[in-house]
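The values are calculated or read from the model by the stated rules, or taken from the named source; none is laboratory data. Predicted model, so just to flag it, every value in this text is computed and none were measured. When we count neighbours, we look across all protein chains shown, and the Cβ atoms used for this are built from the backbone with ideal geometry, even at glycine.
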Amino acid sequence: MRELFERLTGARVDASFWMLPPFYTDFGKNIRVGKNVFINHGCEFMDRGGITLEDNVLIGPKVNLITINHPVEPSRRRSTFCAPIVIKRNAWIGVGASVMPGVTIGENSIVAANGVVTKDVPANTIAGGIPAKVIRTFEDA
């Protein structure tokens, strides 16, 4: 699986990288993963704006990381714009969550199942809901 992912992204991945298929992407060349990253099955990464998963990131099943969007104005809606997604060290994205363009998920943070993240999530927080909001903060024991 690592070899296929390297061909898809055009970048080396650490031997600790682990992914369960199926996996979907619209491009692939703008995805970068750190060490000890796990991507569960059924995920879709629309990566034209760039997706970075730092070390020890956990991605739950059926997660959507979407870096492309359309303008709000009807006259411009057929065009698109992109913005990167960065998921910092030790973050965990729960099953079915969607992360929208331009969002950074902070170090150690958790996005709850089915959350829709439209704004940055600070470090050491749990965020969830539609749109996702901070549910609580925590410290590493």
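Going through (1) closer than 18 Å to Val116 by Cα; (2) polar (S, T, N, Q); (3) over 12 Å from the mean Cα position of the chain (by Cα) one by one, Asn64 falls short only on (3).
Results for (1) in contact with a Gly (Cβ under 7 Å, 6 or more places away or on another chain); (2) modelled with pLDDT under 95; (3) over 25 Å from Ser16 (Cα atoms), shown as yes or no for each residue.
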position	(1), (2), (3)
Glu73	no, no, yes
Val86	no, no, no
Ile93	yes, no, no
Val99	no, no, no
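Among the criteria (1) more than 20 Å from Ile105 (Cβ to Cβ); (2) at pLDDT 95 or above, the one Cys43 does not fulfil is (1).
Just the residues that are of a type in the set (Gly, Ala, Ser) and in contact with a Lys or Arg (Cβ under 9 Å, 6 or more places away or on another chain), please, taken from the stretch 11-50.
Ala11, Ala15, Ser16, Gly28, Gly34, Gly42, Gly50
Among the residues here, Thr25 does not qualify as out of contact with any His (no Cβ under 6 Å at 6 or more places or on another chain), modelled with pLDDT of 95 or more, within 23 Å of Ile130 (Cα to Cα) and of a type in the set (Ser, Thr, Tyr). Select, from Val103, Val57, Val95, Val63, the only residue that is of a type in the set (A, V, I, L, M), under 20 Å from Asp26 (Cα atoms) and in contact (Cβ under 8 Å) with a residue 24 or more places away in the chain. Result of the check over Val103, Val57, Val95, Val63: Val63.
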